[in-house]
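A.B. asks: To start, I am sharing the structure in question, which I have written as structure tokens.
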Amino acid sequence: MIKKDIKNPSKKYTTNYKDIKKYFKYFNKKLFKNKLNKFNDIKIRKMKCSGQCVENISYYKGTSFFVLELKPRYKNRIDFLNTLSHEMLHLWQQTIKHNNGKHNKLFFSFKNKFKKLNLTLSY
Ligand SMILES: [Zn+2]
């Protein structure tokens with residue numbers, strides 16, 4: 001990852017759609033060979049966890065809808081980037097691999113790829 005993106009770890013980060021778009025593109029290329037489709041929707045809202053990838057299933061329509069949820073603020077930029085890439089990995093598990101999207105072996109098989117981009121992959 002670009003060094004300037006992760007400097008100033010004490011500087012708070014405010015989540016914005018422009019960055020989400022930009023880094024989605026970047027991570028998609030670097031981590032997922034551009035195979036990932038965009039989230040169907042993105043929500044920025046206050047919550048206890050750092051972020052989540054929510055699957056909304058419509059049994060009536062027979063469709064699956066993936067929503068990325070992020071907090072309005074993060075401790076710093078790297079915290080935001082760790083969260084975004086983490087949720088993208090869940091999206092990849094569920095849409096590309098049709099996996100259950102848990103923190104399983106498939107999930108952690110990305111550990112080194114993440115490390116190369118200075119990202120930390122955790123639960
Ligand atoms: Zn997770």
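A.B. asks: Give region 61-77 a look and list any residue that's within 15 Å of the ligand (Cβ to nearest atom), more than 8 Å from the chain's Cα centre (by Cα) and of a type outside the set (Phe, Trp, Tyr), or say none. Give the steps one after another, and end with the answer.
C.D. replies: The first filter runs over region 61-77 and keeps only residues within 15 Å of the ligand (Cβ to nearest atom), leaving 66-71.
From the residues that got through so far, the ones that are more than 8 Å from the chain's Cα centre (by Cα) too are 66-67, 69-71.
VAL67, GLU69, LEU70, LYS71 - these are the residues of region 61-77 that are within 15 Å of the ligand (Cβ to nearest atom), more than 8 Å from the chain's Cα centre (by Cα) and of a type outside the set (Phe, Trp, Tyr).
A.B. asks: Any residue in region 88-105 that's over 17 Å from ASN40 (Cα atoms): show its pairings with residues that are more than 11 Å from the ligand (Cβ to nearest atom) at Cβ separation under 8 Å, as long as the two are six or more apart or on different chains.
C.D. replies: From residues that are over 17 Å from ASN40 (Cα atoms), the pairs are LYS97/LEU106; ASN99/LEU106; ASN100/GLN94.
A.B. asks: How about region 33-52: which of its residues are away from the ligand (no atom under 16 Å from the Cβ) and either in contact (Cβ under 8 Å) with a residue 60 or more places away in the chain or charged (D, E, K, R) (or both)? Before you say what the answer is, go through the steps one by one.
C.D. replies: Of all residues in region 33-52, those away from the ligand (no atom under 16 Å from the Cβ) come to 33-35, 37-38, 40-46.
Answer for region 33-52, where residues must be away from the ligand (no atom under 16 Å from the Cβ) and either in contact (Cβ under 8 Å) with a residue 60 or more places away in the chain or charged (D, E, K, R) (or both): LYS33, LYS35, LYS38, ASP41, LYS43, ARG45, LYS46.
A.B. asks: State whether the residues of region 64-76 include one that is aliphatic (A, V, I, L, M), closer than 18 Å to LEU36 by Cβ and not in a strand (DSSP E or B). Spell out how you get there, then give the answer.
C.D. replies: Step one: of region 64-76, the residues aliphatic (A, V, I, L, M) are 67-68, 70.
Cutting the leftovers down to closer than 18 Å to LEU36 by Cβ gives us 67-68, 70.
Checking which are not in a strand (DSSP E or B) leaves us with none.
Within region 64-76, not a single residue is aliphatic (A, V, I, L, M), closer than 18 Å to LEU36 by Cβ and not in a strand (DSSP E or B).
A.B. asks: Let me ask you something else. Output the residues belonging to region 41-56 that are touching a strand residue (DSSP E or B) at 6+ places or on another chain (Cβ under 7 Å) and surrounded by 14 or more Cβ atoms within 10 Å (Cβ to Cβ). Reasoning before the result, please.
C.D. replies: Step one: filter region 41-56 for residues touching a strand residue (DSSP E or B) at 6+ places or on another chain (Cβ under 7 Å), giving 41-45, 47, 51-56.
Across region 41-56, the qualifying residues are ILE42, ILE44, GLY51, GLN52, CYS53, VAL54, GLU55.
A.B. asks: Between a first residue in region 72-87 that is touching a residue at least 12 places away in the same chain (Cβ under 8 Å) and more than 16 Å from ASN118 (Cβ to Cβ) and a second residue that is aliphatic (A, V, I, L, M) and buried (at least 20 other Cβ atoms within 10 Å of the Cβ), which pairs have beta carbons less than 7 Å apart while being 6 or more apart in sequence or on different chains?
C.D. replies: Close Cβ pairs (under 7 Å, with a partner that is aliphatic (A, V, I, L, M) and buried (at least 20 other Cβ atoms within 10 Å of the Cβ)) amount to GLU87/LEU68.
A.B. asks: Please find, among PHE80, PHE107, the residue that is aromatic (Phe, Trp, Tyr) and either within 11 Å of the ligand (Cβ to nearest atom) or loosely packed, with under 15 Cβ neighbours inside 10 Å (or both).
C.D. replies: Values: PHE80 fails: either within 11 Å of the ligand (Cβ to nearest atom) or loosely packed, with under 15 Cβ neighbours inside 10 Å (or both).
Checking each option against the conditions leaves just PHE107.
Computed from the coordinates by the stated procedures, all read-outs in this text should not be read as laboratory data. All values reported here derive from a predicted model rather than from experimental measurement. Note: ideal-geometry Cβ built from the backbone for every residue, glycine included; neighbour counts use all protein chains shown.
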